[in-house]
Amino acid sequence: MRDIVRSMMTGVAALLMLGSAQAADGVDAIKQRGTLNVGVKADYKLFGFRDPTGNVVGIEPDLAADIAKRRGVKLELVPVAASNRIEFLQQGKVDLLIATMADRPERRRVVQAIEPLYYSDYVNILLNKKAGIKDWADLKGKPVCATSGAWYNKDVAKSYGPEIVAFDGSEKPLFAMKQGNCIGYVYDQTFLQGKLLEDEWKTDYDLLLKGVLPSPWMIAVALENTSLQKLLEDTTKDWMKTGFIVAAEKKWGIAPTEYSLSMHEQFKDK
């Protein structure tokens, strides 16, 4: 019996050491494979969405493409959702996440955040112009559509009192709002700004309230993947220095955020 227990413990230790070793040489593994697998959104215009041909494009796929180019490997974009992206990373389905993921303490316990953080956004709510909502407090007791897994759902409900009605992804809550199932859609401000560039939304809908709950976003890799962590930290600093993210925002029609502009100012002379 002792021999069996000892054997089991040895096997577990070996697996842990193997996992740690695989994480430690993540960059070499990517080079040998010849492909970088990046988890991105496919329903988040203009950060990660499908173009008319079905390809995933946007600001974050552009960032992923730059990382792959620097490593001299092919890029494989893997669509993820807020509800499964960390699971995809932990299961090894992707090497890293660039997927509009807010930096939260509970997430840092299970993934490695890349510093400096590459982006920051606010939370806002898309409302019909005739909704009569003039303040966040006016949402109290009213149904508000949201995306499952968004960290701020509970905070919005606690602070302003709406009834959160959550759906997977971003298209389902938008459809539910249009069908009259909720008074508005609470989500990341940059995404909502992107929707307002479309004829379908800009006529009857708008961001009537000021953004709340500032939300820095993080690129994430698996815990202990130190080689990939170092590579991405250097890459992110270079993006800040050159204004790569500011240029990507402009390319896709988004006014550069205060964060991206300030980080460019901070790093451009380094």
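The values are calculated or read from the model by the stated rules, or taken from the named source; none is laboratory data. Computed from a prediction, not measured in an experiment: that's the story for all the values here. Counting neighbours? That spans all protein chains shown, and the Cβs are built from the backbone with ideal geometry, glycine included. For accessibility, only protein heavy atoms count, side chains too; no ligands or nucleic acids. Shrake-Rupley method; radii C 1.70, N 1.55, O 1.52, S 1.80 Å.
Summary of values
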quantity: Set Val80, Val40, Val27, Val111: member being over 22 Å from Ile245 (Cα atoms) and surrounded by 21 or more Cβ atoms within 10 Å (Cβ to Cβ); calculated: Val111
quantity: Search result, residues across the stretch 59-104 that are touching a Phe, Trp or Tyr at 6+ places or on another chain (Cβ under 9 Å) and farther than 22 Å from Pro216 by Cβ; calculated: Val78
quantity: Conditions (1) under 23 Å from Ala81 (Cβ atoms); (2) open to solvent by less than 30 Å² (accessible area, probe 1.4 Å): number failed by Lys178; calculated: (2)
quantity: Within the stretch 114-133, considering residues that are open to solvent by 50 Å² or more (accessible area, probe 1.4 Å), among the charged types (D, E, K, R) and under 28 Å from Tyr160 (Cα atoms), the one nearest to the chain's Cα centre (by Cα); calculated: Lys129
quantity: The listed residue being assigned to a strand (DSSP E or B) and out of contact with any Asp or Glu (no Cβ under 7 Å at 6 or more places or on another chain), out of Gly92, Gly39; calculated: Gly39
quantity: Test: residue in the stretch 54-65 that is touching a strand residue (DSSP E or B) at 6+ places or on another chain (Cβ under 6 Å), among the aliphatic types (A, V, I, L, M), part of a helix (DSSP H, G or I) and open to solvent by less than 30 Å² (accessible area, probe 1.4 Å); calculated: yes
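Okay, residues lined up against (1) under 29 Å from Gly26 (Cβ atoms); (2) assigned by the TED database to the domain that holds Glu106; (3) acidic (Asp, Glu):
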{"residue": "Lys195", "(1), (2), (3)": "no, no, no"}
{"residue": "Thr236", "(1), (2), (3)": "yes, yes, no"}
{"residue": "Phe244", "(1), (2), (3)": "yes, yes, no"}
{"residue": "Lys250", "(1), (2), (3)": "no, yes, no"}
{"residue": "Gly253", "(1), (2), (3)": "no, yes, no"}
